[in-house]
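Worksheet for the structure shown next.
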Amino acid sequence: MRRRLLQTLAGWGAVLALGLAYALWGSVTGLWIPCPIHTLTGLDCPGCGVTRMCLALLRLDFSGAWAANPGLLLLSPLLLWLLLWQTVDYIRTGVCRTTFWRSILGWSLVVLLVGYGVLRNCI
């Protein structure tokens, strides 16, 4: 269990380091990875604005985060909770399994995000 904990912490540390490096690089150069869906169709996907939202959250600018992507900002606590729940279960058991309730929550979040993606382009 200790080995899984250390591996998981190292993995999340790497993800955090990459995210911070991307934020620093983009802030310095002004070069960001464009959304492929928006580039191809001109429509906003459910994730459009997530970079601006995360940068605003790093500055504790909650109104800026809301302006960038309100749907994902509202669902972030549930997404993080689901991710944490799955991670803790993996650390405890060594198996990455999906329970009935995690599956229901995950698919509900997918449906809500897709619905948000449709609504944000209709309004």
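The values are calculated or read from the model by the stated rules, or taken from the named source; none is laboratory data. Since this is a predicted model, take the numbers as computed values, not measurements. Every residue, glycine as well, gets a Cβ built from its backbone with ideal geometry; the counts of neighbours run over all protein chains shown. Areas reflect the complete protein model, heavy atoms only, side chains present, ligands, DNA and RNA absent. Shrake-Rupley method; radii C 1.70, N 1.55, O 1.52, S 1.80 Å.
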Cβ pairs under 7 Å, 6+ apart or interchain, first in the stretch 15-37 and aliphatic (A, V, I, L, M), second open to solvent by 100 Å² or more (accessible area, probe 1.4 Å) and assigned to a helix (DSSP H, G or I), ordered by first then second residue, are A23/L58
Could you list, in sequence order, the residues of the stretch 1-14 that are free of Cβ contacts under 8 Å to residues at least 40 places away in the same chain and among the polar types (S, T, N, Q)?
Q7
When the residues of the stretch 96-123 are narrowed to those that are among the β-branched types (V, I, T) and under 17 Å from the mean Cα position of the chain (by Cα), which ends up modelled with the highest pLDDT?
V111
State all residues of the stretch 54-99 that are assigned to a helix (DSSP H, G or I), in contact (Cβ under 8 Å) with a residue 40 or more places away in the chain and closer than 25 Å to R4 by Cβ; if no residue qualifies, say none.
T87, Y90, I91, R92
All but one of (1) modelled with pLDDT of 90 or more; (2) farther than 30 Å from C96 by Cα hold for S27; which doesn't?
(1)
Residue by residue through the stretch 1-13, note down the ones that are of a type outside the set (F, W, Y), open to solvent by 50 Å² or more (accessible area, probe 1.4 Å) and assigned to a helix (DSSP H, G or I).
R2, R3, L5, L6, Q7, L9, A10
Members of the stretch 39-53 that are open to solvent by 80 Å² or more (accessible area, probe 1.4 Å) and free of Cβ contacts under 8 Å to residues at least 24 places away in the same chain
T39, L40, T41, R52
The stretch 86-123, residues that are polar (S, T, N, Q) and open to solvent by less than 80 Å² (accessible area, probe 1.4 Å)
Q86, T87, T93, T99, S103, S108, N121
Every residue in the stretch 23-38 that is open to solvent by 60 Å² or more (accessible area, probe 1.4 Å) and either within 17 Å of the chain's Cα centre (by Cα) or closer than 17 Å to L119 by Cβ (or both), please.
W32, I33, P34, P36, I37, H38
